[in-house]
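The values are calculated or read from the model by the stated rules, or taken from the named source; none is laboratory data. A quick note: this is a predicted structure, and the numbers were derived from the prediction, not measured. So basically every Cβ, Gly included, is an ideal-geometry build from the backbone, and we count neighbours across all protein chains shown. Accessible surface is based on the protein model in full, side chains and every heavy atom, while ligands, DNA and RNA are left aside. Shrake-Rupley method; radii C 1.70, N 1.55, O 1.52, S 1.80 Å.
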Amino acid sequence: MKRKVAGTVDHAGFCWSFAHAVQQHVLTRGEDATSVMTAMGCAGGSGTQQTGRRVRAMRLSAGLNEAARLLGDAQVGLRSGIAMMPSHMGALGFAMMTAPKGIDALRLVESLQWLVTTEWGVTHEIQGAKILVTQTSMGKLPTDYPFWSFLAACRINLLRSACGQHLTPHLIELPCEAPTDTQALQSFMGAPVRFGASVYKEWLPASPLHSPNPQGSREIHLMMQGAARRQWQALFNADEAFVVQLKRAIQQMLQDGESPTMRALSRRHTIVDASGTPLNARQVQRRLTGMNRTFRESVAEVRRELALAQLRSTQRPVAEIAAEAGYSEPSAFHRAVRRWTGLTPMTIRESAKDLDKV
């Protein structure tokens, strides 16, 4: 009998720092933030008592929209994001701030992004003089401007702190409708911002991220990186932490168009144990066997999660989603979706549309 490994549902959402940044912005404007915190599901308790809590993406969006209403400011997401500093992210933030180079901070955040949020993440790909940063998600995300301007401002602000200079993107694409005023966000970015994209993307200049960080300190960076990794491991039990890493690596390979194999995984990605020691391919296989799992099952699980997320959050043709999920015939994909959920692909898509109207 297969032993069930718990998922990440108990840890789902964005870390408390994101909600705290919105709260602080409202308070600095001289307003009571109670209604905003209630909208985010964080009413009651001090900031210290809230530490460790998670805020779901939809709740974070609701809080930002309530803040926009309360302050009469459509740019509340941007202004809250600008106030987000590495120090707000604890050990991970200090590890970013003291990284030898900005690219080291970018890679660290990518490897530990579940410490920040389990609902949204990014992968990066070096393309000559540019770095393409692309959204990855395992579920439905909000589609409003306050939410996406907040995430974009947070990311760029944190990266600027991590590389010790004013990083200017080449282009930002947001999966939301354009606000009435687009100039505020574009002025902060110093770059064009395109709206209505299918997923979030950044095109960053590689040079600043590969230059030495003026505030970098290898000793402090390694110490803070170790602390951040221990925090990451503490979020999950040993089996959960292993499965999360494995699935993230498989997901990235699939999204890069690479066939997931154990050899490819061990070549491109590092899976670590609870102490942070890298595992080789044989050790990864041994862990899987000990958990009554197989690598093939893990790949199938990630394909399933990505396919269902695509059905819920995009309007891509079902045939394309089926092909990416490894099904050569849409009819086989339809049967698989019915087996997974009891619903047809179109029913799942229509249900997601109905939720948007609520």
message: For the condition hydrophobic (A, V, I, L, M, F, W, C), under 25 Å from HIS20 (Cα atoms) and touching an Asp or Glu at 6+ places or on another chain (Cβ under 7 Å), what is the one hit in VAL109, VAL122, VAL116, VAL133?
response: VAL122
- request: Name every residue in the range 162-173 that is surrounded by 23 or more Cβ atoms within 10 Å (Cβ to Cβ) and farther than 15 Å from ALA206 by Cβ, in order of residue number.
  value: ILE172
- request: Might you check whether a residue that is part of a helix (DSSP H, G or I) and more than 19 Å from SER111 (Cα to Cα) occurs anywhere in the range 276-284?
  value: yes
query: Mind checking whether some residue in the range 198-221 is of a type in the set (A, V, I, L, M), surrounded by 14 or more Cβ atoms within 10 Å (Cβ to Cβ), part of a loop (DSSP other than H, G, I, E, B) and under 20 Å from the mean Cα position of the chain (by Cα)?
result: yes
field: Options ASP256, ASP273: the member that is touching a residue at least 24 places away in the same chain (Cβ under 8 Å), out of contact with any Asp or Glu (no Cβ under 9 Å at 6 or more places or on another chain) and surrounded by fewer than 17 Cβ atoms within 10 Å (Cβ to Cβ)
entry: ASP273
- prompt: Between a first residue in the range 20-36 that is more than 20 Å from MET85 (Cα to Cα) and a second residue that is among the acidic types (Asp, Glu) and surrounded by fewer than 23 Cβ atoms within 10 Å (Cβ to Cβ), which pairs have beta carbons less than 6 Å apart while being 6 or more apart in sequence or on different chains?
  reply: SER35/GLU66; VAL36/GLU66
- line: Among LEU92, LEU158, the single one that is hydrophobic (A, V, I, L, M, F, W, C), in a helix (DSSP H, G or I), more than 28 Å from GLN310 (Cα to Cα) and open to solvent by 10 Å² or more (accessible area, probe 1.4 Å) is LEU158
- request: Could you please give the count of residues in the range 179-195 that are surrounded by fewer than 15 Cβ atoms within 10 Å (Cβ to Cβ), in contact with a Leu (Cβ under 8 Å, 6 or more places away or on another chain) and in a loop (DSSP other than H, G, I, E, B)?
  value: 1
message: Quick check on GLU202: is it of a type in the set (D, E, K, R) and within 20 Å of ILE126 (Cα to Cα)?
response: yes
- line: Residues of the range 285-328 being of a type in the set (Phe, Trp, Tyr) and touching a Ser or Thr at 6+ places or on another chain (Cβ under 9 Å), in sequence order, are PHE295
task: Among the candidates ARG287, ARG304, ARG263, single out the residue that is modelled with pLDDT of 80 or more, assigned to a helix (DSSP H, G or I), of a type outside the set (A, V, I, L, M) and exposed (fewer than 14 other Cβ atoms within 10 Å of the Cβ).
output: ARG263
Identity of the residue in the range 121-132, within 19 Å of GLN310 (Cα to Cα) and crowded, with 19+ Cβ neighbours inside 10 Å, that ends up modelled with the lowest pLDDT: GLY121
task: For THR347, indicate whether it is of a type in the set (Val, Ile, Thr) and surrounded by 13 or more Cβ atoms within 10 Å (Cβ to Cβ).
output: yes
query: How many residues are outside any helix (DSSP H, G or I) and free of Cβ contacts under 8 Å to residues at least 24 places away in the same chain when one looks only at the range 222-253?
result: 0
query: Got a number for residues in the range 307-322 being part of a helix (DSSP H, G or I) and either among the β-branched types (Val, Ile, Thr) or within 25 Å of the chain's Cα centre (by Cα) (or both)?
result: 11
